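Heads up: the structure comes next, in C-alpha coordinates.
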Amino acid sequence: MPSYNIALNFEDGITRFIECKDNEKVLDAAYRNKINLPMDCSDGVCGTCKCRAESGAYDLGNDFIEDALTPDEAASGLVLTCQMRPSSDCVLAVPTTSLACKTRQMKFAATVTSITQHHDAAIVLELKVDASASTLVFLPGQYVNIDVPATGQSRSYSFSSKPGENTLAFLIKMIPGGVMSGWLEKARPGDRLDLAGPFGSFYLRDVKRPLLMLAGGTGLAPFLSMLEVLARAESREHVHLVYGVTRDRDLVLVDEVASFASRLPNFTFTTVVADPNSDHPRKGWVTQHIPKEALHGGQVDAYLCGPPQMVDAVRTYFDGADFKPASFHYEKFTANVTGKVAA
Ligand code: FES
(Lines give C-alpha, C1' and ligand atoms only; values in the text may rest on other atoms or scores of the structure.)
Protein backbone atom coordinates (compact mmCIF):
# COMPACT_ATOMS: atom_id res chain seq x y z
CA MET A 1 0.00 0.00 0.00
CA PRO A 2 1.48 3.40 -0.87
CA SER A 3 2.33 5.99 1.74
CA TYR A 4 3.30 9.61 1.33
CA ASN A 5 5.86 11.94 2.81
CA ILE A 6 4.16 15.02 4.21
CA ALA A 7 6.37 18.02 5.03
CA LEU A 8 4.90 20.18 7.79
CA ASN A 9 6.47 23.63 7.66
CA PHE A 10 5.91 25.50 10.89
CA GLU A 11 5.97 29.26 11.29
CA ASP A 12 9.24 29.16 13.23
CA GLY A 13 11.05 27.74 10.19
CA ILE A 14 11.15 24.15 11.46
CA THR A 15 10.08 21.39 9.09
CA ARG A 16 8.94 17.95 10.26
CA PHE A 17 8.19 15.12 7.90
CA ILE A 18 5.52 12.55 8.63
CA GLU A 19 4.51 9.44 6.80
CA CYS A 20 0.84 9.44 5.82
CA LYS A 21 -0.68 6.13 4.84
CA ASP A 22 -2.86 5.76 1.79
CA ASN A 23 -6.36 7.00 2.58
CA GLU A 24 -5.21 8.39 5.94
CA LYS A 25 -6.14 11.92 6.99
CA VAL A 26 -3.18 14.21 7.62
CA LEU A 27 -4.38 15.11 11.12
CA ASP A 28 -4.50 11.43 12.08
CA ALA A 29 -1.06 10.81 10.57
CA ALA A 30 0.33 13.78 12.50
CA TYR A 31 -1.09 12.49 15.79
CA ARG A 32 0.31 9.06 15.07
CA ASN A 33 3.68 10.81 14.67
CA LYS A 34 3.12 12.66 17.98
CA ILE A 35 2.63 16.05 16.37
CA ASN A 36 -0.39 17.93 17.70
CA LEU A 37 -1.52 19.94 14.69
CA PRO A 38 -4.10 22.63 15.53
CA MET A 39 -7.58 21.12 15.76
CA ASP A 40 -10.83 21.43 17.63
CA CYS A 41 -13.75 19.49 16.20
CA SER A 42 -11.82 17.07 13.92
CA ASP A 43 -15.10 16.96 12.02
CA GLY A 44 -14.82 19.60 9.30
CA VAL A 45 -16.88 22.15 11.23
CA CYS A 46 -14.64 24.63 13.07
CA GLY A 47 -11.86 25.42 10.56
CA THR A 48 -9.20 25.36 13.31
CA CYS A 49 -7.07 22.83 11.41
CA LYS A 50 -6.80 24.98 8.27
CA CYS A 51 -3.36 24.90 6.60
CA ARG A 52 -2.00 25.83 3.20
CA ALA A 53 -1.05 23.03 0.83
CA GLU A 54 1.96 24.37 -1.06
CA SER A 55 2.41 21.33 -3.22
CA GLY A 56 1.12 17.83 -3.79
CA ALA A 57 -2.05 16.06 -4.78
CA TYR A 58 -4.83 15.31 -2.31
CA ASP A 59 -8.50 14.76 -1.77
CA LEU A 60 -10.03 17.63 0.22
CA GLY A 61 -12.75 15.36 1.57
CA ASN A 62 -16.45 16.15 1.26
CA ASP A 63 -17.44 16.01 4.88
CA PHE A 64 -16.87 19.63 5.86
CA ILE A 65 -19.07 22.69 5.93
CA GLU A 66 -18.47 25.96 4.10
CA ASP A 67 -17.95 27.86 7.35
CA ALA A 68 -14.85 25.72 7.88
CA LEU A 69 -13.50 25.96 4.32
CA THR A 70 -15.07 28.01 1.55
CA PRO A 71 -14.76 27.02 -2.12
CA ASP A 72 -12.55 30.08 -2.69
CA GLU A 73 -10.25 29.02 0.13
CA ALA A 74 -10.07 25.50 -1.23
CA ALA A 75 -9.34 26.85 -4.71
CA SER A 76 -6.50 28.94 -3.29
CA GLY A 77 -4.83 25.88 -1.74
CA LEU A 78 -6.20 25.93 1.80
CA VAL A 79 -7.06 22.56 3.28
CA LEU A 80 -8.53 21.08 6.45
CA THR A 81 -6.04 18.56 7.81
CA CYS A 82 -8.85 16.72 9.60
CA GLN A 83 -10.37 15.98 6.18
CA MET A 84 -7.50 15.99 3.68
CA ARG A 85 -6.24 12.67 2.33
CA PRO A 86 -3.00 12.96 0.33
CA SER A 87 -2.48 11.02 -2.88
CA SER A 88 1.16 12.14 -3.31
CA ASP A 89 3.92 13.67 -1.21
CA CYS A 90 2.74 17.09 -0.01
CA VAL A 91 4.12 20.24 1.59
CA LEU A 92 1.86 21.95 4.14
CA ALA A 93 2.41 25.37 5.70
CA VAL A 94 1.12 25.17 9.27
CA PRO A 95 0.10 28.60 10.61
CA THR A 96 1.63 28.15 14.05
CA THR A 97 4.92 27.22 15.67
CA SER A 98 6.41 23.77 16.12
CA LEU A 99 6.35 24.36 19.88
CA ALA A 100 2.60 24.94 19.83
CA CYS A 101 2.27 21.57 18.08
CA LYS A 102 4.43 19.93 20.73
CA THR A 103 7.16 19.03 18.32
CA ARG A 104 10.64 20.35 17.72
CA GLN A 105 13.52 20.24 15.32
CA MET A 106 15.13 16.90 14.61
CA LYS A 107 18.66 16.36 15.89
CA PHE A 108 21.02 13.81 14.50
CA ALA A 109 24.69 12.93 14.46
CA ALA A 110 26.93 12.34 11.47
CA THR A 111 30.49 11.35 10.62
CA VAL A 112 32.75 13.34 8.31
CA THR A 113 33.53 11.24 5.24
CA SER A 114 35.39 13.77 3.11
CA ILE A 115 36.62 17.35 3.09
CA THR A 116 37.56 18.82 -0.27
CA GLN A 117 39.14 22.24 -0.34
CA HIS A 118 38.67 24.53 -3.34
CA HIS A 119 41.52 27.06 -3.13
CA ASP A 120 40.88 29.45 -0.28
CA ALA A 121 37.28 29.91 -1.42
CA ALA A 122 35.18 27.00 -0.24
CA ILE A 123 35.10 23.49 1.13
CA VAL A 124 32.84 20.64 0.16
CA LEU A 125 32.02 18.75 3.33
CA GLU A 126 30.47 15.30 3.05
CA LEU A 127 28.89 13.52 5.99
CA LYS A 128 27.28 10.19 6.63
CA VAL A 129 24.33 10.31 8.96
CA ASP A 130 24.23 7.68 11.71
CA ALA A 131 22.19 4.65 10.81
CA SER A 132 20.10 5.29 13.92
CA ALA A 133 18.64 8.37 12.25
CA SER A 134 15.93 7.49 9.81
CA THR A 135 16.70 8.43 6.21
CA LEU A 136 17.08 12.14 6.29
CA VAL A 137 14.37 13.97 4.46
CA PHE A 138 14.31 17.65 3.64
CA LEU A 139 13.01 19.82 0.87
CA PRO A 140 15.59 20.70 -1.81
CA GLY A 141 16.85 24.16 -0.85
CA GLN A 142 16.54 23.75 2.95
CA TYR A 143 19.36 23.93 5.47
CA VAL A 144 20.59 22.48 8.76
CA ASN A 145 22.42 23.93 11.71
CA ILE A 146 25.75 22.24 12.35
CA ASP A 147 27.30 22.50 15.81
CA VAL A 148 30.95 23.48 15.54
CA PRO A 149 32.65 21.10 17.98
CA ALA A 150 34.00 22.53 21.25
CA THR A 151 32.82 26.07 20.49
CA GLY A 152 29.23 26.12 21.71
CA GLN A 153 28.33 27.71 18.38
CA SER A 154 26.51 26.49 15.31
CA ARG A 155 26.39 27.56 11.69
CA SER A 156 23.70 27.12 9.04
CA TYR A 157 24.39 25.41 5.72
CA SER A 158 22.12 24.48 2.86
CA PHE A 159 22.21 20.89 1.70
CA SER A 160 23.86 20.59 -1.69
CA SER A 161 22.97 16.89 -1.84
CA LYS A 162 19.59 15.51 -2.71
CA PRO A 163 17.01 14.63 -0.04
CA GLY A 164 16.30 11.12 1.14
CA GLU A 165 19.83 9.77 1.48
CA ASN A 166 22.09 9.33 4.46
CA THR A 167 25.04 10.92 2.71
CA LEU A 168 24.92 14.68 2.96
CA ALA A 169 26.99 17.33 1.20
CA PHE A 170 27.50 21.00 1.95
CA LEU A 171 29.35 23.77 0.13
CA ILE A 172 30.96 25.94 2.81
CA LYS A 173 32.56 29.31 2.25
CA MET A 174 36.01 29.62 3.81
CA ILE A 175 36.23 32.69 6.03
CA PRO A 176 39.56 33.73 7.54
CA GLY A 177 39.10 33.48 11.31
CA GLY A 178 35.65 31.92 10.88
CA VAL A 179 34.46 29.48 13.53
CA MET A 180 33.54 26.67 11.13
CA SER A 181 36.44 27.46 8.77
CA GLY A 182 38.86 27.13 11.67
CA TRP A 183 37.40 23.75 12.62
CA LEU A 184 37.38 22.51 9.04
CA GLU A 185 41.08 23.31 8.61
CA LYS A 186 41.87 20.64 11.20
CA ALA A 187 38.96 18.27 10.59
CA ARG A 188 39.54 14.74 9.32
CA PRO A 189 37.34 11.94 8.00
CA GLY A 190 35.88 10.12 10.98
CA ASP A 191 35.27 13.29 13.02
CA ARG A 192 31.79 13.56 14.48
CA LEU A 193 29.27 16.39 14.09
CA ASP A 194 25.84 17.15 15.58
CA LEU A 195 23.20 18.63 13.30
CA ALA A 196 19.69 20.00 13.77
CA GLY A 197 17.05 20.58 11.12
CA PRO A 198 15.87 20.71 8.45
CA PHE A 199 14.84 24.37 8.38
CA GLY A 200 13.73 27.03 6.00
CA SER A 201 11.05 28.13 3.62
CA PHE A 202 13.47 28.42 0.68
CA TYR A 203 12.80 25.24 -1.23
CA LEU A 204 11.77 24.15 -4.67
CA ARG A 205 8.00 24.45 -5.13
CA ASP A 206 5.95 22.42 -7.59
CA VAL A 207 7.52 23.05 -10.97
CA LYS A 208 4.76 24.50 -13.13
CA ARG A 209 6.73 26.87 -15.37
CA PRO A 210 10.37 27.67 -16.28
CA LEU A 211 12.82 28.33 -13.46
CA LEU A 212 15.38 31.09 -13.07
CA MET A 213 18.02 30.31 -10.43
CA LEU A 214 20.34 33.03 -9.17
CA ALA A 215 23.25 31.91 -7.00
CA GLY A 216 25.72 34.16 -5.20
CA GLY A 217 28.96 32.37 -4.23
CA THR A 218 28.31 29.36 -2.00
CA GLY A 219 24.63 30.21 -2.43
CA LEU A 220 25.06 27.69 -5.24
CA ALA A 221 24.56 24.85 -2.73
CA PRO A 222 20.74 24.70 -2.59
CA PHE A 223 20.56 24.84 -6.37
CA LEU A 224 22.75 21.74 -6.67
CA SER A 225 20.19 19.93 -4.52
CA MET A 226 17.29 21.29 -6.58
CA LEU A 227 18.98 20.40 -9.89
CA GLU A 228 19.65 16.88 -8.69
CA VAL A 229 15.98 16.46 -7.78
CA LEU A 230 14.92 17.84 -11.17
CA ALA A 231 17.40 15.56 -12.99
CA ARG A 232 16.17 12.46 -11.17
CA ALA A 233 12.60 13.44 -12.00
CA GLU A 234 13.70 13.73 -15.66
CA SER A 235 12.29 17.24 -15.79
CA ARG A 236 12.06 18.82 -19.22
CA GLU A 237 11.26 22.26 -17.85
CA HIS A 238 13.45 25.19 -18.92
CA VAL A 239 15.91 26.07 -16.16
CA HIS A 240 18.53 28.82 -16.32
CA LEU A 241 21.09 29.35 -13.56
CA VAL A 242 23.17 32.50 -13.18
CA TYR A 243 26.08 31.78 -10.85
CA GLY A 244 27.87 34.92 -9.70
CA VAL A 245 31.00 35.20 -7.56
CA THR A 246 33.39 37.90 -6.39
CA ARG A 247 36.76 36.51 -7.57
CA ASP A 248 37.76 34.00 -10.27
CA ARG A 249 38.79 31.43 -7.68
CA ASP A 250 35.41 31.63 -5.98
CA LEU A 251 33.92 29.97 -9.05
CA VAL A 252 33.85 26.38 -7.72
CA LEU A 253 31.99 23.23 -8.79
CA VAL A 254 31.43 24.58 -12.31
CA ASP A 255 31.97 21.08 -13.72
CA GLU A 256 29.23 19.77 -11.46
CA VAL A 257 26.89 22.51 -12.63
CA ALA A 258 27.82 21.79 -16.26
CA SER A 259 27.09 18.08 -15.79
CA PHE A 260 23.41 18.88 -15.35
CA ALA A 261 23.29 20.06 -18.97
CA SER A 262 23.58 16.42 -20.07
CA ARG A 263 20.88 15.28 -17.63
CA LEU A 264 18.38 18.11 -18.00
CA PRO A 265 17.63 18.75 -21.68
CA ASN A 266 16.56 22.35 -21.11
CA PHE A 267 19.13 23.43 -18.56
CA THR A 268 21.50 26.32 -19.30
CA PHE A 269 23.75 28.36 -17.06
CA THR A 270 25.89 31.48 -17.00
CA THR A 271 28.82 32.30 -14.75
CA VAL A 272 29.70 35.85 -13.74
CA VAL A 273 32.67 37.31 -11.83
CA ALA A 274 32.35 40.70 -10.12
CA ASP A 275 36.10 41.49 -9.96
CA PRO A 276 36.80 44.10 -12.69
CA ASN A 277 40.34 42.70 -13.05
CA SER A 278 39.08 39.23 -13.87
CA ASP A 279 39.71 37.67 -17.28
CA HIS A 280 36.31 36.03 -17.12
CA PRO A 281 34.20 36.72 -20.24
CA ARG A 282 31.30 37.99 -18.12
CA LYS A 283 32.13 40.53 -15.47
CA GLY A 284 29.90 42.50 -13.15
CA TRP A 285 26.76 41.62 -11.25
CA VAL A 286 24.32 38.80 -11.72
CA THR A 287 21.59 41.27 -12.70
CA GLN A 288 23.68 42.39 -15.70
CA HIS A 289 23.81 38.85 -17.05
CA ILE A 290 20.26 37.54 -16.79
CA PRO A 291 19.36 36.67 -20.38
CA LYS A 292 16.08 38.28 -21.37
CA GLU A 293 14.81 34.95 -22.70
CA ALA A 294 15.39 33.40 -19.25
CA LEU A 295 12.54 35.60 -17.95
CA HIS A 296 10.07 33.92 -20.34
CA GLY A 297 7.98 37.08 -20.49
CA GLY A 298 7.40 36.83 -16.73
CA GLN A 299 6.21 33.21 -16.86
CA VAL A 300 9.05 32.07 -14.67
CA ASP A 301 9.57 31.13 -11.03
CA ALA A 302 12.70 32.87 -9.71
CA TYR A 303 14.86 31.55 -6.89
CA LEU A 304 17.79 33.39 -5.38
CA CYS A 305 20.29 32.41 -2.72
CA GLY A 306 23.01 34.90 -1.95
CA PRO A 307 24.21 37.68 0.35
CA PRO A 308 21.78 40.45 1.39
CA GLN A 309 23.21 43.00 -1.08
CA MET A 310 22.56 40.60 -3.94
CA VAL A 311 19.00 39.97 -2.78
CA ASP A 312 18.37 43.73 -2.61
CA ALA A 313 19.93 44.29 -6.05
CA VAL A 314 17.84 41.56 -7.66
CA ARG A 315 14.63 42.81 -6.04
CA THR A 316 15.34 46.28 -7.41
CA TYR A 317 16.09 44.75 -10.80
CA PHE A 318 12.80 42.82 -10.85
CA ASP A 319 10.90 45.93 -9.69
CA GLY A 320 12.14 47.80 -12.76
CA ALA A 321 12.02 44.90 -15.21
CA ASP A 322 9.54 44.72 -18.08
CA PHE A 323 8.69 41.19 -16.99
CA LYS A 324 8.32 40.35 -13.33
CA PRO A 325 8.61 36.68 -12.36
CA ALA A 326 5.39 34.89 -11.47
CA SER A 327 6.99 34.08 -8.10
CA PHE A 328 10.23 35.06 -6.39
CA HIS A 329 11.70 33.01 -3.56
CA TYR A 330 14.94 34.03 -1.95
CA GLU A 331 17.27 33.25 0.87
CA LYS A 332 19.76 35.70 2.32
CA PHE A 333 22.80 34.45 4.10
CA THR A 334 25.62 36.16 5.87
CA ALA A 335 28.88 34.38 6.46
CA ASN A 336 29.17 34.77 10.20
CA VAL A 337 25.58 34.57 11.26
CA THR A 338 23.83 31.43 12.37
CA GLY A 339 20.47 32.09 10.84
CA LYS A 340 19.23 32.55 7.33
CA VAL A 341 16.34 34.62 6.13
CA ALA A 342 14.04 33.24 3.49
CA ALA A 343 11.00 34.54 1.72
FE1 FES B 1 -12.41 21.46 13.00
FE2 FES B 1 -10.73 20.38 11.19
S3 FES B 1 -10.54 20.42 13.34
S4 FES B 1 -12.51 21.59 10.84
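Brief remarks on what is shown
- Protein accessible area in the chain, 1.4 Å probe - carbon and sulfur %: 48
- Shape of the chain, Cα gyration tensor, a/c cut at 1.5: oblate
- For region 1-102: accessible area per residue (Å², 1.4 Å): 48
- Shape of region 17-100, Cα gyration tensor, a/c cut at 1.5: rounded
- Each Lys and Arg Cβ is given +1 and each Asp and Glu Cβ -1; about its Cα centre, region 101-236 then shows a dipole of about 400 debye.
- Straight-distance crosslink candidates among lysines, where the alpha carbon sits under 30 Å from residue 34 and sequence neighbours closer than 8 are dropped: 21, 25, 50, 102, 107, 128, 162, 340
- Binning all Cα-Cα separations of region 275-336 at 5 Å, short to long from zero, yields these whole-percent fractions: 4, 16, 25, 23, 17, 10, 4, 0.
- Dipole magnitude of region 242-285, debye to nearest 20 (Cβ charges: Lys/Arg +1, Asp/Glu -1, about Cα centre): 120
- The magnitude of the dipole of the chain, with charges of +1 and -1 set on the Cβ of Lys/Arg and Asp/Glu and taken from the Cα centre, is near 700 debye.
- Quick note on region 1-65: its Rg to Rh ratio, both from C-alpha atoms and Rh being the Kirkwood radius, is 0.93.
- Debye log10 I(q)/I(0) for region 128-184, one point scatterer per Cα, at q = 0.28 Å⁻¹: -1.18
- When the helices of the chain are scored as -39500 (n - 2.57) per DSSP H run of n ≥ 4 and the total is divided over every residue, the value at 222 nm lands at -4500 deg cm²/dmol.
- Euclidean distance of C-alpha centroids, region 189-219 and region 231-252, integer Å: 13
- Here the contact order of the chain, divided by its residue count and restricted to Cα pairs under 8 Å and six or more residues apart, works out to 14 percent.
- Dipole of region 39-110 [Lys/Arg +1, Asp/Glu -1 at C-beta], most positive-end residue of 42, 87, 101: 101
- Alpha-carbon Debye profile of region 248-312, log10 I(q)/I(0) at 0.13 Å⁻¹: -0.45
- Radius of gyration and Dmax over the Cα atoms of region 75-133, both given in Å: 19.2, 54
- Every pair of different Cα atoms in region 193-270 enters the Kirkwood calculation, which places the hydrodynamic radius at 13.5 Å.
- Rg to Rh, two decimals, where region 206-335 supplies the alpha carbon set and Rh follows Kirkwood: 0.94
The values are calculated or read from the model by the stated rules, or taken from the named source; none is laboratory data. Source: prediction; values computed, not measured. We place every Cβ from the backbone using ideal geometry, glycine too, and count neighbours over all the protein chains shown. Areas reflect the complete protein model, heavy atoms only, side chains present, ligands, DNA and RNA absent. Shrake-Rupley method; radii C 1.70, N 1.55, O 1.52, S 1.80 Å.
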